[in-house]
Amino acid sequence: MTLHLPTLLVAAIATMMMSSALMTLFGRTQRIYRGFWWWTAAQWMGTAGLALQLLRNAQPELLPLSNLLLMQWPIVTLIGVRRFYPRQVLPVPPLADVLLLAFAYLLWAATWAAGGDVAARVAAFGIGACVLFAYSAAITALLHARHRSPALKALIAVQGVTALVQALRVAQAGLAEVPWFARDDVTLIVGLSSAMLAMAMVYLSLLLTHERTTLKLAESQRRLRTLAYTDMLTEVPNRRHFYELATKALALRKPGTAAVVTFDIDHFKQINDSLGHAEGDEALREVARCTRDTLRAQDVAGRIGGDEFAMLLPQTDVEEALSVVDRLSARIEGQRTSGNALALSLSFGIVLARKGENVADALRRADQALYEAKRQGRSRAVVADGSAASPVFGESRAMGLGAR
């Protein structure tokens, strides 16, 4: 096959120049991350290295600089990858990247300085480039992010293919036989592959940037959902989210098999007035922590306003609900013995959800039981039956360590 190598070289330079310009434009106009400009620099230096190849016959003294600019590509790209994923410390230090580049380049430079023929210089360059691309692929493959990043997997594959292309270049120089191809065929493969792989590395860097942007967007959305559904002070579901979770949990249970509980902190207003709102906030956080530690995985708890909390306890009868709130009260009061100077006690209202009753209606009846617990002296739990219009208060039990 007839191949005009200067034309191929000019086409490759034009391709890399357009790709480098595209990366630069993207970096100037879009959000980018650490490492992106290293990839862009690798592209521009590679473009400059190819451009200097056009002058190698007229000005042979430019050949060492040209080959250095071409050899740097996988290592500078790897430096960008390290900065793009700064959280993972790779077992091979960054200094090894530079030292390997220096070794590969000096291998070629020694061959060139010794006056070796063209085949020997091409072979020395190809061996060095093959090692550098294979090394870059191996180090990149150590990143944990490769498991969830198709672009990173593709980048590793591109580097591996480029190492193979350089191995073919060594074979073309005569150090090995390539029985499947004629020499011109191998030259054509090397030239075309170089241009295509240059473009591939550019687009993969854009894909990596896009993946990072997508992940950050998903994380931002997750945080927004957290802000919308979570009470930021106590880190438990807010009123709206509690209603959603409790409604779903209640729909899965038979009527009368789920207990609904409301409770609040006794004399909470006095805590705020006498000790300050900071102590009041800490009291709310302490109650939320103890609530989370007391409940099972299938239970639902939330802060529904002020110092009032609510719980939905699936597969729980009245006696079991009383046992749960007793443990919660004991845990709250037990904080005093562990160095917490703030004395807290809780009052509870307990009902069993009825057939056809929604969460709001059950909470309304539980609130009536809670008010009755306050009327009876606080630090106790009252069970309610009947309707919201005609409540019937049943068992009333003192809560906490003092009741034992």
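The values are calculated or read from the model by the stated rules, or taken from the named source; none is laboratory data. Not measured: the values here are computed from a predicted model. Glycine gets a Cβ as well: all are built from the backbone with ideal geometry, and neighbour counts include every protein chain shown.
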Against the condition modelled with pLDDT of 90 or more, farther than 12 Å from Val202 by Cβ, in a helix (DSSP H, G or I) and assigned by TED's automatic domain parsing to the domain that holds Ala129, how does Trp44 come out, does it pass? no
When region 138-151 is checked residue by residue, the ones that are modelled with pLDDT under 95, assigned to a helix (DSSP H, G or I) and surrounded by fewer than 16 Cβ atoms within 10 Å (Cβ to Cβ) are His144, His147, Pro150
Taking only pairs six or more apart or across chains, which ones have beta-carbon atoms under 8 Å, a first residue in region 258-287 that is without any contact (Cβ under 8 Å) to a residue 60 or more places away in the chain, and a second residue that is buried (at least 16 other Cβ atoms within 10 Å of the Cβ) and assigned to a strand (DSSP E or B)? Leu284/Ile265; Leu284/Arg303; Val287/Ile265; Val287/Phe309; Val287/Leu346
Applying the selection to region 261-279, what residues are surrounded by fewer than 21 Cβ atoms within 10 Å (Cβ to Cβ) and either among the small types (Gly, Ala, Ser) or under 18 Å from Tyr243 (Cα atoms) (or both)? Ser274, Gly276, Ala278
Would you point out the residue of region 224-279, among those that are over 20 Å from Lys355 (Cα atoms) and small (Gly, Ala, Ser), that is farthest from the chain's Cα centre (by Cα)? Ser274
Name the residues in region 57-91 that are surrounded by fewer than 15 Cβ atoms within 10 Å (Cβ to Cβ) and in a loop (DSSP other than H, G, I, E, B), would you? Asn57, Ala58, Gln59, Pro86, Arg87, Gln88, Val89, Pro91
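Of the residues Ala373, Ala369, Ala353, only one is surrounded by 14 or more Cβ atoms within 10 Å (Cβ to Cβ) and closer than 25 Å to Leu233 by Cβ; which?
Ala373
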Give the residue, chosen from Gln298, Gln335, that is in contact (Cβ under 8 Å) with a residue 12 or more places away in the chain and either touching a strand residue (DSSP E or B) at 6+ places or on another chain (Cβ under 9 Å) or farther than 24 Å from Ala398 by Cβ (or both). Gln298
Going through region 6-39 one residue at a time, which ones are under 20 Å from Phe84 (Cα atoms) and free of Cβ contacts under 8 Å to residues at least 60 places away in the same chain? Thr24, Leu25, Gly27, Arg28, Thr29, Arg34, Gly35, Trp37, Trp38
Would you confirm, using the coordinates I've provided, whether Ala249 is without any contact (Cβ under 8 Å) to a residue 12 or more places away in the chain, over 23 Å from Lys374 (Cβ atoms) and among the small types (Gly, Ala, Ser)? no
Taking the stated definitions as given, is Ala12 small (Gly, Ala, Ser), under 24 Å from Gly160 (Cα atoms), in the same structural domain as Ala134 (by TED's automatic domain parsing) and surrounded by 14 or more Cβ atoms within 10 Å (Cβ to Cβ)? yes
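Only one of Leu69, Leu50 is free of Cβ contacts under 8 Å to residues at least 60 places away in the same chain, among the aliphatic types (A, V, I, L, M) and in contact with a Gly (Cβ under 7 Å, 6 or more places away or on another chain). Can you tell me which?
Leu69
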For region 342-378, which residues satisfy the criterion of being among the β-branched types (Val, Ile, Thr) and over 41 Å from the mean Cα position of the chain (by Cα)? Ile350, Val351
Just one of Leu50, Leu63, Leu22, Leu54 is in contact with a Lys or Arg (Cβ under 6 Å, 6 or more places away or on another chain) and either at pLDDT below 90 or acidic (Asp, Glu) (or both); which is it? Leu63
Within region 102-137, work out how many residues are surrounded by 15 or more Cβ atoms within 10 Å (Cβ to Cβ) and either among the basic types (Lys, Arg) or within 41 Å of the chain's Cα centre (by Cα) (or both). 16
